[in-house]
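Visitor: Encoded as structure tokens, here's the structure I'll be asking about.
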Amino acid sequence: MLSTNLQSNPAFRDYSHTELSYDELVGTDGKLRPHWETFFTSYHQLGDQEIISRNEDILRMIKENGVTYNIYGDPSGISRPWKQDIIPFLINGQEWSYIEKGLQQRALLLNMILEDIYGDRQLIKNGLLPMELIYNHSGFLRPCAGVRSPGKHQLILYSADLARGTDGRIWVVNDRTQAPSGSGYALENRTTMTRVAPELFNNLQVRHLSPYFSALRNGLHEIAPGGNPNPRIVILTPGSGNETYFEHSYLSSYLGLTLVQGNDLMVKDNYVWLKTIGGLEKVDVILRRVDDFFCDPLELKEDSQLGIPGLLQSVRSGNVSIANPLGSGILENPGLMSFLQPLARYLLSEDLMMPTIATWWCGQPKELGYVLENLESLVIKTIHRNSTGSSTVDGASLSHAERSALRDRIRNSPSLYVGQEKVGVSQTPALVNGRIEPRKSLFRSFLVSQQDGYTAMTGGLCRTSSDAGNFIISNQMGGMSKDAWIISPEPGRIFHTLTDSSETTTASYQPMLPSHAAENLFWVGRYTERVLGNARFLRTVMEFVAEGNKLGTDQMVQTERKLLEAMTRYSFTYPGFADKENEEAYSHPWREMKDVLFNEKRPGSIQCNFQMFHKAIHEVRDHWSTDTWRVIRSMEEALKAPESTPQQGHLSMIQSLDNLITSMVAFIGLNRESISREQGWIMLDAGRKIEQSLLLITMLQTTLVNKSNEQVEYNLLQGVLMSHESLVNYRYKYRMPLKISLVLDLMLFDPNNPRSLRYQVDRIKAYLQHLPKNHSGHSLTGYERLILEADTLLKLSDKKDLSRSGECDTTYGPLDDFLSRMHGLISGVSAVISKTFFKHELTPKSILLRP
Amino acid sequence: MNYIITHKTTYRYFEPVSLCYNIARLIPRNTDKQVCKNLHIRIHPKPDIIHEYEDFFGNRVMYFSIEKEHSSLSVTVTSEIEKTTTPAIDMGLYNNTTAEEVKKELLDNREGGAEIWQYTLETPMTAWNDEIQAYALESFSPGRPLFDAARELMTRIYQDFEFEPGATTIATPLSTVMRERKGVCQDFAHLAIACIRSQGLPARYLSGYIETISPAGGEKLIGADASHAWFSVYISSMGWVEFDPTNNMLPTEQHITIGWGRDYADIAPLKGIILSSGQHELAVSVHVEREGQNTR
């Protein structure tokens, strides 16, 4: 039974509690606060073992769902799984309403400051804001002066990091106004919690997150130029290497907005357009996750590859709106914090409701003096975040020499520095290694502009320090996240705006597939089959080598050599076995085969192709279902190189291939089940069919075109059929020993065999008809011409003739010719599709003229 | 007196350009010394979009884009400028204002002075080092009238530095200019500005034109082939006083201003983004003529 007294409850034996600092869990009476008591009642009902296993479920689910947070500068360059604690962060309703009002006021105030800074700058002219604080800040973008977006507010999105001081008051630690991140992670945390531990919500009225996202959708609609009721809204991401790329694609799926990179967009006629496979489509609103400075190489950062030249002019002309507007990074300026109270009085005639962390801006003599004198006890920040991110220094952590160097730097450009009070942060319970321990926590809140003010997310993202004492919290540094629960009844009002806006979105047109997505889907299709084809062939060869070793007959040795050589040619992993003099490779084939399987650095290897597959998947990650991610995870597992002895190695390599093949087939099956039959599907499956055709042709070229003696040919035919899982089909259809003419009939011409070339060409032809055409009339496009030619060639070729050859011939000449021509035609289709639908963007170049 | 200025910029591209976006600051703004009476802009090929606006510093900016394939671009701006006659500078008037007085006035009047005070801030192109600061200190001794100090600085730059076209590029840092002691007009303007700002005083970068041959048969001035650059210093009693370190003179009649900023980057005459894979070459010509004089 749960005791409300902390001391007497063994569950909290690792939770050290001091009276000195505010404790989220425990009141001054030493008892659990009421909402925590309710929470821990459910928690203990589940029991320690169950909690630990649920906590593992969370981690597994995060992994499977592919929730990641990329670390810049991580040598492996690989995304890191998100971390989430099963114990949430609780805020009671009364406290929340205070926080909500405080943040709404602050958002309103920052909005007015932003409007003024890029408007007539009265605050500076009247001495309420020091000129240096704004003009010296790298976030002040002069080209944005005088540019105003439609809508009630200029600041559309606002995010604040909050911490509770040891005195129990909630403080604003950071303001985020550039491209605030975290709302998607907050949503993902909530989704995970409700799935994994629904019991923990018992008897607690936890506010929902969805109203915020409706408000976000609504807020973005409100800023559309010309009040367009059906605007096209895109999310602009720097790309899959960005630290929060997961969130960009997650939000894009959740909100139903197209995810784009800078070069997916272009400015023409002063409007912004999205490049799609059906041509250009006008974009009305951009939700940007690219820092403003990078958004326009013409007027902002000249060498930026992430932006769109001419974007700012399009905004200036009122043809596109951006949330947050370009230039809003100026508010992410800790120096501003010390001026907010007087500004609130001046602009709102109110006092600032939420206290801001005490800040001394060194641009003033008195404050400078204070900071220089008290360096040890302060946190020193530059007014802008620098590119490496490490602009915060704890004065106490510096050596004497470092401190005096810092003093010199501050004295040299005082207006670039602030000193901030070090806040003690309250502690909250966290599950660490199966024990409940205290941790410091930071809470990020999200607000979005609406016609009638700002709507705050009723929830947020909570992050905790990695150890009990640490007070600097960042995902870059490690540490955990928590779901944040606001405990209060849901207000009765219905979100009328939600119904309004969802009606307009459902009534909308069928959006065209962006070229960027089309290209990546096409390549996902191609790499799917490339990995699969190579894995199957390598498996066939490995199985043969494993068995053939036992028999060791001449025929077997010859077959093995032929298969190994074909494997090198098929996978394009030269020199490998293609060098017939390379006896070393032939006498130790496993070493080479292992390399072809696992060596990531080797072009053509399965691992290498899988990485390409993976990369393409990530570029269009909003297209895949949750189950799909699970399957991709298992492919990653399958391709982990075994550390075992060579003998065990053989079997485990074949097993790895088995697992990889099964997962890849599951991937194809899932796509067939879950991807709607639109342009995306066409691109994906056309890519698959083209790759399948090319691989089949290559397989026949490398195994059968050069003639072998009868027994070896028989073995090779068997290998070909096994690699295409068609041996059963063959036996069923022909009921006789393997013959080349029949194998060719099955693999090239049989319209009912889903692995035949005939079948692939039919599918490709059907898909191509559904691609958008940029011209009317009856003339054929380039790719249609090529596929028609391939189709005709297949129809006209004489099946019997292909496997005919004279006694002295060393090759099947007609087969060779036929396969070469087919290969040329189908590669041609791929090239023309690429040229027609994918962007072949020339890199924008900056030209600056000197007088 | 009226001037007619023809400024022609031509880009030739080795590969065709499918799209280009440009920002031009080529239209002279009106000042207390000049009025732009007539303006003729010819851009070939014809831009699909052209839009004029005023920037943060009040300069006239022209944005244009060309959205069809082209292999050359030419921008010709012809402006007719009326110079309002400036009386010869009366030294006595501001000989007395010292740097300290200017600073004090700006500090006391920070509110109204913010627009002037912003020109004290260091920018990447006007970054100073110890050497530059020491160079400035030779002229800016305590108690000295600011005008004297600035004029001496101008003269010293004129004497100590060699005008050598091609010696520097747009990316050459001031520290190199200082060490090598050579450069072109905007290096000298940047250097003077860095020197003055290193003393905590406001200085502006000006872009414009200069009439190189005075009709009276005077000395030939430097700056014929392209646009010109010089600087100005804020002196309380006088406002912004201009200096041309390339020609060691106080700009009066023969200088025509396009506009100003903190440094070159704020008032670059023409910059653009092209979508192309190839190289380009560039030709610029500037003609400054007095109206009524023989036209070529």
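Visitor: For segment B:236-275, give me each residue that is facing another protein chain (nearest Cβ under 8 Å), buried (at least 22 other Cβ atoms within 10 Å of the Cβ) and assigned to a loop (DSSP other than H, G, I, E, B).
Guide: B:PRO269
Visitor: Would you check which residues across segment B:157-191 are surrounded by fewer than 22 Cβ atoms within 10 Å (Cβ to Cβ), in a loop (DSSP other than H, G, I, E, B) and aliphatic (A, V, I, L, M) and list them?
Guide: B:ALA167, B:ILE170, B:ALA171
Visitor: Please specify each residue of segment A:573-606 satisfying the condition of being crowded, with 16+ Cβ neighbours inside 10 Å, of a type in the set (Ser, Thr, Tyr) and outside any helix (DSSP H, G or I).
Guide: Across segment A:573-606, the qualifying residues are A:THR573, A:SER605.
Visitor: Would you check if there is a residue in segment A:274-281 being out of contact with any His (no Cβ under 8 Å at 6 or more places or on another chain) and within 14 Å of chain B (Cβ to nearest Cβ)?
Guide: yes
Visitor: Right, A:PHE537: crowded, with 21+ Cβ neighbours inside 10 Å, of a type in the set (Phe, Trp, Tyr) and either part of a helix (DSSP H, G or I) or not assigned by TED's automatic domain parsing to the domain that holds A:ASN715 (or both) or not?
Guide: It is true that A:PHE537 is crowded, with 21+ Cβ neighbours inside 10 Å, of a type in the set (Phe, Trp, Tyr) and either part of a helix (DSSP H, G or I) or not assigned by TED's automatic domain parsing to the domain that holds A:ASN715 (or both).
Visitor: Please verify whether B:ILE66 is surrounded by 20 or more Cβ atoms within 10 Å (Cβ to Cβ), more than 10 Å from chain A (Cβ to nearest Cβ) and aliphatic (A, V, I, L, M), treating the condition exactly as stated.
Guide: So B:ILE66 fits the description; yes.
Visitor: Sticking with this one: For segment B:1-88, give me every one of the strands (runs of 3 or more DSSP E) that falls completely inside it and has 2 or more residues that are of a type in the set (Gly, Ala, Ser) and closer than 22 Å to B:HIS228 by Cα.
Guide: Correct list: B:70-83.
Visitor: Something else about it: Residue under question is A:GLN261, and the condition is that it be away from chain B (no Cβ under 14 Å), polar (S, T, N, Q), surrounded by fewer than 24 Cβ atoms within 10 Å (Cβ to Cβ) and touching a strand residue (DSSP E or B) at 6+ places or on another chain (Cβ under 9 Å); does it hold?
Guide: It is true that A:GLN261 is away from chain B (no Cβ under 14 Å), polar (S, T, N, Q), surrounded by fewer than 24 Cβ atoms within 10 Å (Cβ to Cβ) and touching a strand residue (DSSP E or B) at 6+ places or on another chain (Cβ under 9 Å).
Visitor: Here's something else I'd like to know. May I ask you to verify whether A:TYR370 is surrounded by fewer than 18 Cβ atoms within 10 Å (Cβ to Cβ), within 14 Å of chain B (Cβ to nearest Cβ) and part of a helix (DSSP H, G or I)?
Guide: So A:TYR370 fails the test.
Visitor: For segment A:646-655, indicate whether the set of residues that are touching a Phe, Trp or Tyr at 6+ places or on another chain (Cβ under 9 Å) and at pLDDT 90 or above is non-empty.
Guide: Within segment A:646-655, one or more residues are touching a Phe, Trp or Tyr at 6+ places or on another chain (Cβ under 9 Å) and at pLDDT 90 or above.
Visitor: Could you tell me whether any residue of segment A:327-342 is part of a loop (DSSP other than H, G, I, E, B), within 14 Å of another protein chain (Cβ to nearest Cβ) and either at negative phi or aromatic (Phe, Trp, Tyr) (or both)?
Guide: no
Visitor: Could you check segment A:393-442 and list, in sequence order, the residues that are hydroxyl-bearing (Ser, Thr, Tyr) and either over 21 Å from A:ARG176 (Cα atoms) or loosely packed, with under 15 Cβ neighbours inside 10 Å (or both)?
Guide: Listed by number, the residues that qualify are A:SER397, A:SER399, A:SER404, A:SER413, A:SER426, A:THR428.
Visitor: Additional query: Being surrounded by 23 or more Cβ atoms within 10 Å (Cβ to Cβ) and among the basic types (Lys, Arg) narrows it down to one of A:ARG288, A:ARG316, A:ARG345, so name that one.
Guide: A:ARG288
Visitor: Which pairs turn up if I take residues in segment A:740-754 that are touching a residue at least 60 places away in the same chain (Cβ under 8 Å) and look for partners that are aliphatic (A, V, I, L, M) with beta carbon separation below 6 Å, at least 6 apart in sequence or on another chain?
Guide: So the pair list comes out as A:LEU744/A:LEU802.
Visitor: Are there any helices (runs of 4 or more DSSP H) wholly within segment A:655-757 with 1 or more residues that are surrounded by fewer than 17 Cβ atoms within 10 Å (Cβ to Cβ), and if so which?
Guide: A:710-723, A:727-734, A:740-744
Visitor: Residues of segment A:198-242 being under 21 Å from A:ILE322 (Cβ atoms) and part of a loop (DSSP other than H, G, I, E, B), which ones?
Guide: A:ILE223, A:ALA224, A:ASN228, A:PRO229, A:ASN230, A:PRO231, A:ARG232, A:THR237, A:PRO238, A:GLY239, A:ASN242
Visitor: Yes or no: segment A:794-802 includes at least one residue that is crowded, with 17+ Cβ neighbours inside 10 Å, among the acidic types (Asp, Glu) and either closer than 25 Å to A:TYR812 by Cα or at pLDDT 95 or above (or both).
Guide: no
Visitor: Select from segment B:1-56 the residues that are within 12 Å of chain A (Cβ to nearest Cβ) and among the aromatic types (Phe, Trp, Tyr) and list them in ascending order.
Guide: B:TYR11, B:TYR13, B:TYR21, B:TYR53, B:PHE56
Visitor: While we're here: Tell me which residues, restricted to segment A:111-158, are more than 10 Å from chain B (Cβ to nearest Cβ), under 33 Å from the mean Cα position of the chain (by Cα) and part of a loop (DSSP other than H, G, I, E, B).
Guide: Within segment A:111-158, A:HIS137, A:SER138, A:GLY139, A:ARG148, A:SER149, A:PRO150, A:GLY151, A:LYS152, A:HIS153, A:GLN154, A:LEU155, A:ILE156 qualify.
The values are calculated or read from the model by the stated rules, or taken from the named source; none is laboratory data. The structure presented is a predicted model; accordingly, all values stated were derived computationally and were not measured. A quick note on method: Cβ atoms are made from the backbone with ideal geometry, for glycine too, and the neighbour counts reach across all protein chains shown.
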